[in-house]
Amino acid sequence: MTPADLSRTVVRAVRRAVEEGELPAGTGVPERVVVDRTRPGGVGEYATAVAFQIAKRAGTAPAEVARVIAGMLAGVPGIERVEITGAGFLNFVLAERSAAELVREVRERGARYGFASPDGELRARVVGDAVRRILWSQGQEGGGGLSVAPLARRDRGVVALYGADAAAWAMLAVAPHETAVFSPRLLLQDEAANEFFRVRYAHARSRALTVNAAQLGFSAEPGPVGDEGGAVVRGLLDHPLVLEAAAHHRAPERVVRHLVELADALLDFQYRVLPKGDEKPSAAHRARLALAEAAGTVLAGGLALLGIDAPDCL
């Protein structure tokens, strides 16, 4: 189960609790439940404060709402443990998912990894499609109603100055209602000083690793990667949740921040992928290469969602 799956699972648990009378009939079922990574020192891996949101409508204490939801989640595949802390916070430990399984999913889904599953709830898809068509009938796009700060007069020529991709990055790196900041750093071929370059460079490095591995006579094969690949694995696991949150809040800057974090993890990890010196390629090298390739795929998919190219060479 991915964090995004967990969010949808909690929504279904709330709906079921209302339908079965465990929560008052007038309790509203949220469209989406915000699930975040537990902060250092917290309980479990992920947590949500949804019980507080529901308690206001249900006229029930948050701790009681949390108890009901936890009961509905007992035995759900993919959830190893649910704990209630404080006045009603729900904390989750998900069943461990191997790096090999995760990489296989990324390889299967490709650039569409993290996209909402096409076999999701029928009503959500039907209503969503209808709303988009209605917006279109009124001359609006799917982002209708979104408050976007216009470019300052001095920035009208940014595409010509920085290029379409770099300009788009700067416009998307901050919340839509905030003023975009353009800087000469956007043109720097420097991974330390330019986050835009860093993300595309990390993608290019993943492609270069594949070429280098082929020259050494081996290719990628999903498998265990150990703790050294932990940051990359976490980045891949969180990708679906980031996309869901970005869509819900109409906040592309969340995707930008996530791509930077994943790029940082991949650039740190790249030095462990290929054999060194007289070392022979092993199963561990093939697994590390597969993880690096998966990270590159997600970086390319994320950039594509932002309308930005991901070149194989920089």
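Remind me, relative contact order of the chain in percent, using alpha carbon pairs under 8 angstrom and six or more residues apart?
19
State the label only: which of [x] -0.82, -1.17; [y] -0.83, -1.00; [z] -0.66, -1.08 corresponds to log10 I(q)/I(0) by the Debye sum over Cα atoms at q = 0.11, 0.14 Å⁻¹ computed from the shown model? Correct label, based on the coordinates given: [x]. Protection proxy ranking for 295-303, 179-187, 242-250, 271-279, using the average of other Cβ atoms within 10 Å per residue and placing the highest first: 295-303, 242-250, 179-187, 271-279.
The 3J(HN,Hα) values that the Karplus relation (6.51, -1.76, 1.60; θ = phi - 60°) gives for the stretch 6-12 are, in residue order, 4, 4, 5, 5, 5, 4, 5 Hz. Gly and Pro appear as x. Sorted fewest first by neighbouring Cβ atoms within 10 angstrom, Lys56, Lys280 come out as Lys280, Lys56.
Counting only other residues whose beta carbon sits under 11 Å from that of Ala100, what net charge do I get with K and R as +1, D and E as -1?
Result for the neighbourhood of Ala100: +1.
The long axis of helix 230-249 is offset from the longest Cα principal axis of the chain by roughly 60 degrees.
Determine the sum of side-chain charges near Ala213: Lys and Arg each +1, Asp and Glu each -1, restricted to other residues whose C-beta is under 12 angstrom from that of Ala213. Every neighbour counted, the sum reads +1.
Based on Cα contacts under 8 Å between residues 6+ apart, the stretch 1-119 shows a relative contact order of 23 percent. For the pair Glu108 and Asp278 in one chain, pulling the backbone fully straight at 0.36 nm per residue adds 57.9 nm over the alpha carbon distance. Per-residue 3J(HN,Hα) values for the stretch 22-30, derived from phi via the Karplus relation 6.51 cos²θ - 1.76 cosθ + 1.60 with θ = phi - 60°, read 6, 10, x, 4, x, 5, x, 8, x Hz in sequence order (x marks Gly and Pro).
Of Arg109, Arg156, Arg288, which is the most mobile in a GNM of the chain whose springs link Cα atoms less than 10 angstrom apart? Of the options given, Arg156 has the highest mean-square fluctuation.
Distance from the alpha carbon centroid of the stretch 248-314 to that of the stretch 91-116 works out to 14 angstrom.
Over the residues of the chain, the helix contribution to mean residue ellipticity at 222 nm works out to -16500 deg cm²/dmol, using -39500 (n - 2.57) for each DSSP H run of at least 4. For the stretch 105-116, 3J(HN,Hα) computed residue by residue from phi via the Karplus equation (6.51, -1.76, 1.60; θ = phi - 60°) reads 5, 4, 5, 6, 7, x, 5, 8, 4, x, 5, 4 Hz, glycine and proline entered as x. Annotation: amide H-H contacts under 5 Å for Leu23 (H modelled 1.01 Å from N, sequence separation of 5 or more, or interchain): Val18.
Under 5 Å from the amide H of Glu45 lie the amide H atoms of Phe92, Val93, Leu94, each residue being 5 or more positions distant or on a separate chain, with H modelled from the backbone and absent for Pro and chain starts.
Remark on the stretch 199-314: ratio of C-alpha radius of gyration to 2.2 N^0.38 Å is 1.08. Put in order of Cβ neighbour count within 10 Å, fewest first, the listed residues Leu151, Leu262 become Leu151, Leu262.
Calculated from the alpha-carbon coordinates, the stretch 171-258 shows an Rg and a Dmax of 16.6, 51 Å respectively.
Laboratory data are not the source of any read-out in this text; all were calculated from the coordinates shown. Just so it is clear, the model here is predicted, and its values are computed rather than measured. A quick note on method: Cβ atoms are made from the backbone with ideal geometry, for glycine too, and the neighbour counts reach across all protein chains shown.
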